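Here the structure comes first, spelled out in structure tokens, and everything after it is commentary.
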Amino acid sequence: EIIVMATRNMGKVREFRHALEPLGKEVRSLHEYPEAPEVVEDGRTFAENAFKKAKEIGDFLNLPVISDDSGLCVEMLDGAPGIHSARYAGEHGNDAANNAKLMDELMRRRLGDDTEQPLLSPAKFVCALAMYDPATGRTLESEGQVEGWITSETAGAGGFGYDPLFFVPQYERTMAELSVEEKQRISHRGAALQELLKKLNG
Ligand code: ITT
Ligand code: NA
């Protein structure tokens, strides 16, 4: 069975493949549908943006799709970058620039603070998923979160996005130091996907 993920983010696609292929699903992304439109993400929440992506892409392709809208919320930055995570530094999907900007903002807040704490701020990743079938008009939605800390030094080469700066207390490593399997077990995306599959099958 084919599942179309309404995303162009290959980091996300890798994680969905890892979770869904063992269930006998073939995961396609928008790289296989280059004619699909660019969806304007002007919602106020992850869930609104996820729904918008699923609806517009599903109606365009006339296929059932799942979309993912996700991001990083940093406590000391009042929840930023949040729904703007993909273009925090200005250029969409430039992970290196986004990570540099995050360090910059947190270091600015730390000025005058003489402690040399490697853990700079509590933070969480959030993932909203929406599954939409244009044949029935039916939508299923789910959301997952994972809490951790932003560290002052990047570590690891796995994952994508802010993973090298996101310290996971449970593993005492950054998200980028985890295998896909380990990340899946504790991540916002893993949790959201489990919830979506439960709704789909129950
Ligand atoms: P699509 O809209 O095509 O799915 P996108 O990358 O633009 O791709 P989003 O608008 O949902 O997707 O932005 C998600 C951003 O949040 C992503 O680019 C990362 O910077 C960050 N992010 C989300 N999940 C993450 C994860 O598991 N690890 C690290 N960073 C993540
Ligand atoms: Na978004």
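None of the figures in this text is laboratory data; all of them are computed from the coordinates on show. These numbers come from a predicted model, not from an experiment. All Cβ positions, glycine included, derive from the backbone under ideal geometry; neighbour counts span all protein chains shown.
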Exercise. For E153, E105, E48, what's the fewest-to-most ordering of other Cβ within 10 Å of each Cβ?
Worked result: E153, E48, E105
Problem set entry | Furthest towards positive pole of dipole, I66, L77, P22, structure part segment 1-88, Cβ charges | P22
For this session: For a footprinting-style exposure proxy, rank S85, S179, S152 by other Cβ within 10 Å, fewest first.
Result: S179, S152, S85
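So if I take the alpha carbon set of segment 102-174, get Rg, then get Rh from the Kirkwood formula, what is the Rg over Rh ratio?
Numbers: Rg = 17.1 Å, Rh = 14.6 Å.
So for segment 102-174, dividing Rg by the Kirkwood Rh gives 1.18.
Defining a contact as two alpha carbons under 8 Å apart and six or more residues distant in sequence, what relative contact order in percent does the chain show?
Result for the chain is 18 percent.
How much mean residue ellipticity at 222 nm does the chain get from its helices, if each DSSP H run of length 4 or more adds -39500 (n - 2.57) and you divide by all residues, to the nearest 500 deg cm²/dmol?
My calculation for the chain gives -10000 deg cm²/dmol from helical runs alone.
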Problem set entry | Förster radius 30 Å - calculated FRET efficiency between E48 and E116 (Cβ-Cβ, nearest 0.05) | 0.15
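Taking neighbour counts of Cβ atoms within 10 Å as a proxy for exposure, in what order, fewest first, do T45, T154, T7, T136 appear?
On the way: T45 14, T154 17, T7 21, T136 8.
Ranked by crowding around the Cβ, least crowded first: T136, T45, T154, T7.
What does the charge count near N9 come to, summing +1 for each Lys or Arg and -1 for each Asp or Glu among other residues with Cβ under 12 Å from its Cβ? Mind showing how you got there, number by number?
Values: positive: R8, K12, R14, K53, R189; negative: E15, D68, D69, D95.
Charge balance in the 12 Å sphere: +1.
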Exercise. When the dipole is taken about the Cα centre of segment 1-109, and only Lys, Arg (+1) and Asp, Glu (-1) are charged at their Cβ, what size is it in debye, to the nearest 20?
Worked result: 160 debye
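Calculate how many DSSP beta bridges within segment 2-201 are antiparallel, expressed in % of all such bridges and rounded to the nearest 5. Intermediate values should be presented prior to the final figure.
On the way: 29 of 34 bridges.
Just about 85 percent of them are antiparallel.
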Seminar exercise, completed: Residue by residue through segment 144-151, the couplings from Karplus 6.51 cos²θ - 1.76 cosθ + 1.60 with θ = phi - 60°, in Hz, x for Gly and Pro, are x, 9, 9, 9, x, 9, 7, 9
